[in-house]
1. Of the listed peptides 242-248, 100-106, what is their order by residue-averaged count of other C-beta atoms within 10 Å, with the highest listed first?
2. When N counts the residues of the range 83-143, how does its alpha-carbon radius of gyration compare numerically with 2.2 N^0.38 Å, as a ratio?
3. For the range 215-248, which chymotrypsin sites (Phe, Trp or Tyr not before Pro) are both in a DSSP coil and crowded by at most 15 other Cβ atoms within 10 Å?
4. Give the relative contact order (percent, whole number) for the range 83-143; include only Cα pairs under 8 Å separated by 6+ residues.
5. Around Val251, under 10 Å between beta carbons, what's the net of Lys plus Arg minus Asp minus Glu among the other residues?
6. Quick one: divide the alpha-carbon radius of gyration of the range 147-259 by 2.2 N^0.38 Å and tell me what you get.
7. What does the highest-first list of 131-143, 202-214 look like by mean Cβ count within 10 Å?
8. Neighbouring Cβ atoms within 10 Å as the yardstick, rank Thr231, Thr172 fewest first.
Amino acid sequence: MALIQPVKDGKIENTAIESTKKETKGTSELGKDAFLQLLVAQMKYQDPLNPTSDTEYIAQLAQFSQLEQMQNLAATNENSQMLSMVGKEVCVSSENEDGTLNYKQGVVEGVTISGGKAYLTVDGSLYDSEHLVEVYEAGYLLEQKMPKMASQYYAYDGVSPKNFSFEVDFGTEEAKATEIALIVDGEHIINPDYIRKNDNYFTINQDVFHQLTPGKHFISVMFNNDPYYTTKEDVIEVDVINSEPKENTDVFVQNNPVENKPNQPEEVESEGDTNTENNEQTV
């Protein structure tokens, strides 16, 4: 687009400035090239009877040069800050063809500086640093993947005993669990035979509560998401009345079922120990 625009008193009318702004990548910022073009046009179409002095041109150039240096410094500082984002947990956005936004949470794996701009690598994809939405505290993303459970309350009456059911969230990805253990008052582990599982729902048999002394009790839930073993302490509150605890019952067990890990291979003696033993036998 030509920069020939109406000139008044040796200065280009605002229409030229507006046209130039539209040409600079659709932004409201006046780039270096656009500024020089405006300056040339101003010199070309200045009033010959009242020309602009060289001093004014030099002042304008100096002013623009100073502004450009400040902008470059700001961009450099911003890029330096982006370099420190490596290892941080973030949320970035990307735009679909229809203009809607996608959001991605992950850890910044690297930072690339190209064309004076910083790009973040998240989950193997590059994102412009301008699309950085949030920065999280360390461990935030893992915490979101952990198993969860809302607090529960149950009133048990031995006169009209009933089972008790509740729901859990097993979590996702590397923090996901598949089973739970229920611990009463921090010491009594409920026998899994008295717990029925149906997807994310569990039901505690009424016989468990009948073995508790009258009064208030708390049940903790431990998940088997090795190596975290997420535990929701005292998440189930139980008020018990009219119960009749009995001795020698199998309602409670000694070993925690979710902490029972697969059998480890027997420890193999080191070569040095074996040789020593053989040497002793030889002697």
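Just so it is clear, none of the values below were taken in a lab; they were calculated from the coordinates. Here the structure is a predicted model, which means the values were calculated and not measured. FYI the Cβ positions are ideal-geometry reconstructions off the backbone, even for glycines, and counts take in every protein chain you see.
1. Working: 242-248: 9.7, 100-106: 12.3.
Highest-to-lowest ranking by the protection proxy: 100-106, 242-248.
2. Working: Rg = 11.6 Å, N = 61, 2.2 N^0.38 = 10.5 Å.
Rg over 2.2 N^0.38 Å, computed on Cα atoms: 1.11.
3. Working: sites: Phe218, Phe223, Tyr228, Tyr229; in loops: Tyr228, Tyr229.
Answer by residue number: Tyr229.
4. Values: 112 pairs, mean separation 22.2, N = 61.
So the answer I get is 36 percent.
5. Working: positive: Lys246; negative: Asp193, Asp207, Asp250.
Value of the local net charge: -2.
6. Values: Rg = 13.7 Å, N = 113, 2.2 N^0.38 = 13.3 Å.
Compactness ratio reported: 1.04.
7. Numbers: 131-143: 13.5, 202-214: 17.8.
Packing proxy ranking, top to bottom: 202-214, 131-143.
8. On the way: Thr231 15, Thr172 11.
Ranked by crowding around the Cβ, least crowded first: Thr172, Thr231.
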